[in-house]
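The values are calculated or read from the model by the stated rules, or taken from the named source; none is laboratory data. No experiment lies behind these values; they were computed from the predicted model shown. Positions of Cβ are backbone-derived with ideal geometry, glycine not excepted, and every protein chain shown enters the neighbour counts.
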Ligand code: NAP
C-alpha cells in the first residue's frame, strides 16, 4: 500500500485517469492539477499549481510526453490553463521527492540536478516500453484495417525497426496472416527475425524492398523513409509512422508523390486508454514501493 504518500499529477491525458484511480486504491493521497474539465468522479483532490503545498509531496507525475524545454506541460487536454513546472516548485518538495515523467528532456534533467531530486523517465524502461507496445501494435493494426480496402491477411507488410515496438507489431501482423518483412541492422536481430519465420531485411536494403510491400510501418526514430525510399514506394501503399516526433518519414515528399502516410502518435492513449493507464500505474506503483520500502 502507498498509504503515507502524497502524489501530485500535473497534466496528462485520459490514461492518467486510470493512474489516479489505481494510486488512490493503493491508499495514496492524489492531487491533480490540470483536470478542470474532467467529468469523471475520481478519488483525487483537484488543485491549482499556485495553491499546491509542495513541501508535502513525495512524488510528482508529469505526462507521458513530459514538458517542453521551458517546463510547460503540453499534454493536458483537461486543463483550461497552461501548466508549467518550475525549479522553485521542485525545490519546495521533500528532499526524497521523485519526479516521474513519461519521457525526459534537458529541462527536466537540469532541474533534477540543480534541486538534487531523483528523475525517473518511465517510458525508457524496458518493462514499460514492452507492455506499452501491446496497445501500440493493436492500434496500428486497427489503423491499417481502417486505411486499406484489402485484408491484412495476405498483404505484404514491411516493419522498419526491431526494437520493443517493431517486434510486437511484426508479431501481431504475422499472427493475422500478413506476409511480414522486418528491417534491422544487427546480425542478431536479423537472425531472430528469420527464426520467427519472418523475412529479415537489412536496413541498407529498404530502398530495394520498399516497392514489394503494401504497408510500411516505421518504428525507427530516424529519417529512414526518405526521398530515395519513397521513390520506390507504390502510390497505392500505406505508410504508418510510429516513431515519435519528428518521426522517420519524409511526409512532404510522400504527399507530393500522393502516398498515404500517417504519423500515428500516442496510439495506446487513443485506442486503449484504460489498459495503457493500468500499464503506467502498475509500473509506477512498483517503483513507488521500491523507493519507499517502509510501505511494503
Ligand atoms: P527501441 O526499442 O529503441 O527500437 C528502435 C529500433 O530502431 C531498433 O531496432 C533500433 O535498432 C532501430 N534504430 C534506431 N536508430 C536507427 C537508425 N539510425 N538506423 C536503423 N535502425 C535504427 O524503440 P521502441 O521502444 O521500439 O520505440 C520505437 C519508436 O516508437 C520510438 O520513437 C517511440 O517513442 C515510439 N512509440 C510510438 C508509439 C505510438 O503510439 N506511435 C508508442 C510507443 C512508442 P538498434 O537496436 O540496432 O539500435
Which number in (1) in a helix (DSSP H, G or I); (2) more than 10 Å from the ligand (Cβ to nearest atom) marks the one condition that residue 157 misses? (1)
Odd one out for residue 65, checked against (1) crowded, with 16+ Cβ neighbours inside 10 Å; (2) modelled with pLDDT of 95 or more; (3) under 25 Å from the mean Cα position of the chain (by Cα); (4) part of a loop (DSSP other than H, G, I, E, B): (2)
Residue check, residue 86 closer than 25 Å to residue 277 by Cα, free of Cβ contacts under 8 Å to residues at least 60 places away in the same chain and surrounded by fewer than 16 Cβ atoms within 10 Å (Cβ to Cβ): no
Could you please give the count of residues in the range 104-126 that are in contact (Cβ under 8 Å) with a residue 40 or more places away in the chain, within 16 Å of the ligand (Cβ to nearest atom) and not in a helix (DSSP H, G or I)? 2
Among the residues of the range 89-99, are any part of a strand (DSSP E or B), closer than 23 Å to residue 283 by Cα and more than 10 Å from the ligand (Cβ to nearest atom)? yes
Please identify the pairs in which a residue from the range 228-250 that is at positive phi has its Cβ atom under 6 Å from the Cβ atom of a residue that is assigned to a helix (DSSP H, G or I), counting only partners at least 6 apart or on another chain. none
Filter the range 51-62 down to the residues that are in a loop (DSSP other than H, G, I, E, B) and at pLDDT 95 or above, then identify the one that is farthest from the chain's Cα centre (by Cα). 53
Scanning for something within 16 Å of the ligand (Cβ to nearest atom), surrounded by fewer than 17 Cβ atoms within 10 Å (Cβ to Cβ), in a helix (DSSP H, G or I) and in contact (Cβ under 8 Å) with a residue 12 or more places away in the chain, does the range 135-151 turn up at least one residue? yes
